[in-house]
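Scroll down for the structure; my scribbles are underneath it.
The values are calculated or read from the model by the stated rules, or taken from the named source; none is laboratory data. Source: prediction; values computed, not measured. A quick note on method: Cβ atoms are made from the backbone with ideal geometry, for glycine too, and the neighbour counts reach across all protein chains shown.
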Amino acid sequence: MKKLAKHKFLFVVTLISILVLFGGVGYLIFAISKLNNIENTLRLIGSIVLVIVSLTLFVLSIRFLNKYKKIKLIIVIILMLLIGGVSIFVGYNVDKVYNTLAKVSDTSGYTVYSSSLVTLKDNKTDSIKDIDKDSKIGILNDKTSYEGYKIPKEVIKKQKLSNETKEYDSYIAMIDALRNEDVDYVFLPTNYSVMFGSMEGYEDIKDETKVLLTEQKKVKEQKDDDLDGAKTINKPFTVLLMGVDSDAEGIQNGSFNGDSLMVITFNPKTLSTTILSIPRDSYVPIACFPGERKNKITHAAWKGETCMMDTIENFLDINIDYYVKINFAGVVQLVDTLGGVEIDVPYNLCEQNSKRQWGNNTIYIEKGLQTLNGEQALAYARNRHPNPSKCSSKWTNYTSNDFIRGEHQQEVVTALLNKFKEIDSLDTVYKLLDTISNNMVTNMSTDQILSLYNVFKDVASKSAGMDDMADVLGIQRLKLNGYDARIYDYGGTNLSLYNFVLYDDSVKAVSNAMKENLGQKKTKVIKSFSFDINTPYEKEVVGADITGDRSLVQLPSFVGQTVDYVRSYCSRNGISLTVKGGNGYVLSQSVPSGANIEDVNSITVTAGGSTNSSGSSSSSSSNTTTDDEEDALEDNGVIPTEPEEEDPSTGGSQDGSGTGSNGGTDGNSSTDHKKTE
């Protein structure tokens, strides 16, 4: 002990070195122990070696300290500090990666719903505490809705609001009531400006309104029992990639628009991939809507990712194993962190920025092969229409649509994969981890994400010397084909909306291609094919050119038709009919034309005059109409307007014949409702 007292300094330094060594090594072993499914044998051997080396250095340090072998002790101290320091550094980075993946992984079964109290911007009230007691508040009448009913009820109770509340069938009806000043305040999903801002007539909803209060609620949801609970992903799987459109950075589980939907199947055994971009306007049965009522698939996202997954599973007849939800705003950071992505832009275009701003914030992208920054890459992935009202002809001389946008999004995803191979900076890794943790969420468990390491290792080995990841992954592009239709959203927004109605045979072809890649169906082998040596070979895009019968049947306009005709139509299509007024020409109908007849169970028509089934008069006034009724029929083109006096200069007069705008159509043609945007 006297020797130790004489060399107190060396004793303290040795003690600190031992603590650093065992603390660092212990931290590193703890950190790498969480990396399940990654080099299990190597991690075990490495941990054993570290423990043996640490114990050896500890014994040597004590021996050299007791015998006061100063030089040897200093060497051992340096080794202990070096190994301990490196272990702390490596352990910290491993832990950071793991914690980021744990944050991205959402297997808790909870969903966060967010509702906001909204009023018109010119309302002088800026706080919920200043709301006048005579003001009226609009809420949704759907008692199962957290954002439209449950959270609003809790807020009203919590804030002790005694105001009259009015219930509405839809958020659109509430917004209209707010605009018309039927109510002074309404409760809407916090992301309402994005959800409804793309609808015709509601583009300026963000500028028209302001938010007084936002309330969130975390709810335990019932997850699917058949969700793959394995810790390792070593079988073919399907993942749904959802681009979440939001004004702000960050990711939430509340309502959003499914503006970018990609279904990817991957076979880790063959390293083959199929990728399908689903048009946001695809008209499909929505799993969580009453009766699985058909609607735009983007609206399924209003009910959360579970509804979206169930909807896609149902119409594609495949299982969606996992989802990855990415905030569009985070894409900007991701691309910028990687130093941009290389894209061959096919034409000049302009688009709003990530915050949906035009004017000085407009994003312009010129034609040609170039490296796009984050804002440009997002604009390229978002663009689906020329914008002649926002930009000059230089930037709007092209044709685009949902399919072309889907192709652009796939190009951006592939370009990002190519950039990931080039990461060689720890600082870049840190920035990527921060961006991913704030803007991405998945239902994969942390262990499942880690198990993808082996897949990435195989891909990296195969991609050595190859530039394009699309070739490495053997990506097969799929495409859904269909036709345009403007459909009245009966029972939903009650708006006439553009939809893309899918051909059944195209959906089936795409589904079969996915099942083949997943190993659920035998792959069809093409034994021979023809080609032209002068024509570059292009891979087949499955489903792209397949058409079929147009099965959509829409409700016609009955205005101008006889009640007998309407009775016959409703009888054939199983629709309950109520007639108000007379028994002659129909003046109005309760369900507007253009609705899918699958959604129409009953309809009320108002008619004027009175005719019997044979068309003969059933009363002295049977075939007469009032002035108001004649005006209504004239407005709808059912009967001609009074002929104008003949113009002496032309000798012309109006043709007195007229059969009505809808003639005898029975609604069996969907081609009457084409996209006009």
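Numbers for the structure displayed
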{"quantity": "Elements of type strands (runs of 3 or more DSSP E) contained in the stretch 361-475, each with 3 or more residues being closer than 26 Å to residue 96 by Cβ", "calculated": "440-442"}
{"quantity": "The stretch 108-139, subset assigned to a strand (DSSP E or B) and over 23 Å from the mean Cα position of the chain (by Cα), residue surrounded by the fewest Cβ atoms within 10 Å (Cβ to Cβ)", "calculated": "120"}
{"quantity": "Condition met for residue 432 (under 22 Å from residue 31 (Cα atoms) and either surrounded by 14 or more Cβ atoms within 10 Å (Cβ to Cβ) or within 24 Å of the chain's Cα centre (by Cα) (or both))", "calculated": "yes"}
{"quantity": "Selection within the stretch 143-160 - crowded, with 17+ Cβ neighbours inside 10 Å and within 30 Å of the chain's Cα centre (by Cα)", "calculated": "145, 146, 147, 148, 149, 150, 151, 152, 155"}
{"quantity": "Matching residues in the stretch 334-355 - criterion: being part of a loop (DSSP other than H, G, I, E, B) and under 23 Å from residue 388 (Cα atoms)", "calculated": "346, 347, 348, 352, 353, 354, 355"}
{"quantity": "Considering residues of the stretch 341-368 that are charged (D, E, K, R) and over 21 Å from residue 194 (Cβ atoms) only, the residue surrounded by the fewest Cβ atoms within 10 Å (Cβ to Cβ)", "calculated": "344"}
{"quantity": "Residue ranges of strands (runs of 3 or more DSSP E) in the stretch 207-304 with at least 2 members over 16 Å from residue 315 (Cβ atoms), among the aliphatic types (A, V, I, L, M) and at pLDDT 80 or above", "calculated": "209-220, 237-244"}
